[in-house]
Amino acid sequence: MAHRNTSGRSAPSASHISPPNDRAPSHGENSSLTLCVFCGSSPGTHPAYAEAARQLGKLIGAAGHRLVFGGGAVGLMGEVAREARDAGAEVIGILPAFLRHLEPPLKSAEELIITPDLQQRKARMLAMADAFIHLPGGLGTMDEYFEVITTAQLSVHRKPIVLIDVKQYFKPLKALIDHIVAQGFARPEVAALHTFVATPEEAMRAVSSLQVRA
Ligand code: AMP
């Protein structure tokens, strides 16, 4: 695994130093996409969550896409990344230095980018992605969802945002967004910024078709 440390300090146990520039999003080059998956660092209470995560990883690898994720080997994050790697995807983890002990890095990832903090991790993930896929997760996953939807709302990017509504996990989030719109705190057009789907298969179809429109 290659390690890249964006803090300017020496890279830990680097076996390969990556080029200094982020890769540009792969939009327009071919059908291979860089997909950023946000999801829980916990497995959740129902096995359906981990099953969906593994299925998503498999589909990403089978389609020849690249995975960008939070870098940890734990929870749903680890499930997606291990399956994607086993299915042949290039897997890039992005992890803040202070989390390396709490969320141990996935050893099989092709590359691990170490950032100084959570904010820079999110910024790197946003910059590298062609599209975002959200699986169920905790408060960190919600923070990441609100980061991508609020930046889309401000037209900072036009990248597809897809949420996989496993076991209707996102029902309360949908209700919150509807409430925000109904009370006049967001325009109704925000509904067009994200897409809820039921399965990883539908998520893969959604990112491809939305990508064409972007
Ligand atoms: P969680 O959904 O809480 O299990 O966290 C999912 C991922 O989000 C983990 O890698 C967390 O480290 C990360 N995370 C937690 N809080 C934040 C935050 N405020 N900003 C960015 N990422 C976060």
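The values are calculated or read from the model by the stated rules, or taken from the named source; none is laboratory data. Computed from a prediction, not measured in an experiment: that's the story for all the values here. Quick reminder, even Gly has a Cβ in these numbers, built from the backbone with ideal geometry, and neighbours come from all protein chains shown.
One line per residue, one yes/no per condition, for (1) more than 12 Å from the chain's Cα centre (by Cα); (2) at pLDDT 95 or above:
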| site | (1), (2) |
| --- | --- |
| LEU76 | no, yes |
| GLU90 | yes, yes |
| GLY93 | no, yes |
| LEU102 | yes, no |
| PRO116 | yes, yes |
| ARG121 | no, yes |
| ARG124 | no, yes |
| MET128 | no, yes |
| TYR145 | no, yes |
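Output the residues belonging to the stretch 45-97 that are within 13 Å of the ligand (Cβ to nearest atom), of a type in the set (Gly, Ala, Ser) and part of a helix (DSSP H, G or I). Outline the logic, then answer.
Initially, the stretch 45-97 is screened for residues within 13 Å of the ligand (Cβ to nearest atom), giving 49, 53, 68-81, 93-97.
Now drop any that are not of a type in the set (Gly, Ala, Ser), which leaves 53, 70-73, 75, 78, 81, 93, 97.
Hits for the stretch 45-97 are ALA53, GLY75, GLY78, ALA81, ALA97.
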*Specify the residue that is farthest from the ligand (Cβ to nearest atom); the eligible residues are those in the stretch 128-142 that are crowded, with 17+ Cβ neighbours inside 10 Å and in a loop (DSSP other than H, G, I, E, B).*
ASP130
*Run ILE113 past the list (1) buried (at least 18 other Cβ atoms within 10 Å of the Cβ); (2) within 13 Å of the ligand (Cβ to nearest atom) and report the number of the one that doesn't hold.*
(2)
*Going through the stretch 143-160 one residue at a time, which ones are within 16 Å of the ligand (Cβ to nearest atom) and either outside any helix (DSSP H, G or I) or surrounded by 13 or more Cβ atoms within 10 Å (Cβ to Cβ) (or both)?*
ASP143, GLU144, TYR145, GLU147, VAL148, ILE149, THR150, THR151
*What number of residues within the stretch 173-200 are touching a strand residue (DSSP E or B) at 6+ places or on another chain (Cβ under 9 Å) and either loosely packed, with under 14 Cβ neighbours inside 10 Å or not charged (D, E, K, R) (or both)?*
9
